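Below you'll find the structure, written out as structure tokens, and then a few comments.
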Amino acid sequence: MKIGVFDSGYGGLTILKEIRRRLPQYDYLYLGDNARNPYGSRSFEIVYEFTLQAVKALFERGCHLVVLACNTASAKALRTIQQNDLPALDPSKRVLGVIRPTVETLPEVTATKHVGLLATPGTVKSNSYYLELQKMDPEIHLTQHACPMWVPLVENNEFASEGSDYFVKKDIDALFRQDPLIDTIVLGCTHYPLLLDKIEAFIPKDVKVLCQGPVVADSLENYLSRHPEIEMRLSNRATVTYLTTEHTDKFDSLASLFLGKPINSHTISLTEGL
């Protein structure tokens, strides 16, 4: 059985890259629903429907464990899929997200207990980070700010340009105007690590930035060590296959920016038979 990694677009590749760095022995299947992204501005119902289609597609292609490497899908679809759909689809399979492991890390990172979240409008609107923090450590004060221009900057290969400085600085300044005591910033979108150099240039030197890739990789490694009944079913030929709902030439070109190497993908449809 493979490990499936799903994202609405390309950002989940930053999660896959870190997971494979930490756990290179397993076989992976990445699926990007690039033809229908971005998910951030879509309703809860549509994101749930699209995400469930992707999870089913990965299950059908031999994935026993699926990681939703997408904050919007984790915020709007994960809980419903875990509670309502998995028991009927296959109770032995698992679907995990990126929000809970990120939140679980925060009490160890923040000293002031003032945390900032930079994310897509959909993730901010879902309030998922706040709700998870209330369960984990309600004393942590979370300030959320949506950055609607950051994903387009990355996907149009403008993340390193001088033109992106304006939008990055504008959103960071807006975050700190809400709470100057922030000492930790969570990048609540998997695209944002490509803007890390820009982000670090505009924040105070003592503020830490939490990227999700290493956090999710740590969490997955820990999960598999606690669930040997799942780990023992995973194949370990160290392979990775890339699937997209877009044309492969477009996906391969942009995906190579995220991974730092050329890739070859395959196109699939998530709507056939619906």
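Values for this structure:
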| read-out | value |
| --- | --- |
| Residues satisfying the stated conditions in the range 103-120, i.e. of a type in the set (A, V, I, L, M, F, W, C) and touching a strand residue (DSSP E or B) at 6+ places or on another chain (Cβ under 8 Å) | LEU106, VAL109, VAL115, LEU117, LEU118, ALA119 |
| Sole residue being closer than 22 Å to GLN82 by Cα, touching a Cys at 6+ places or on another chain (Cβ under 9 Å) and not charged (D, E, K, R), chosen from ILE46, ILE15 | ILE15 |
| In the range 129-153, the residues that are hydroxyl-bearing (Ser, Thr, Tyr) and part of a strand (DSSP E or B) | THR143 |
| Considering residues of the range 115-136 that are surrounded by 24 or more Cβ atoms within 10 Å (Cβ to Cβ), in contact with a Leu (Cβ under 7 Å, 6 or more places away or on another chain) and not aliphatic (A, V, I, L, M) only, the residue nearest to ILE203 (Cα to Cα) | GLY116 |
| The range 146-168, subset touching a residue at least 12 places away in the same chain (Cβ under 8 Å) and not hydrophobic (A, V, I, L, M, F, W, C), residue farthest from LEU117 (Cα to Cα) | ASN157 |
| Condition met for VAL209 (surrounded by 20 or more Cβ atoms within 10 Å (Cβ to Cβ) and either among the acidic types (Asp, Glu) or closer than 17 Å to ILE15 by Cα (or both)) | no |
| Strands (runs of 3 or more DSSP E) wholly inside the range 48-128 that include at least 3 residues being closer than 18 Å to CYS189 by Cβ | 114-119 |
| Among residues of the range 243-257, those that are touching a Leu at 6+ places or on another chain (Cβ under 8 Å) and either open to solvent by less than 10 Å² (accessible area, probe 1.4 Å) or not in a helix (DSSP H, G or I) (or both), counted | 4 |
| Any hit, the range 34-42, residues being open to solvent by 40 Å² or more (accessible area, probe 1.4 Å), within 13 Å of the chain's Cα centre (by Cα), modelled with pLDDT under 95 and closer than 26 Å to VAL151 by Cα | yes |
| Residue in the range 188-198 that is assigned to a strand (DSSP E or B) and touching a strand residue (DSSP E or B) at 6+ places or on another chain (Cβ under 8 Å) present | yes |
| Unmet criterion (only one of (1) loosely packed, with under 14 Cβ neighbours inside 10 Å; (2) farther than 26 Å from GLY40 by Cα) for TYR223 | (1) |
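The values are calculated or read from the model by the stated rules, or taken from the named source; none is laboratory data. If you're wondering where the values come from, they're calculated on a predicted model, not measured in any experiment. Here the Cβ is made from the backbone with ideal geometry for all residues, glycine too, and neighbour counts use every protein chain on show. Surface areas here come from the heavy atoms of the whole protein model, side chains and all, with no ligands, DNA or RNA. Shrake-Rupley method; radii C 1.70, N 1.55, O 1.52, S 1.80 Å.
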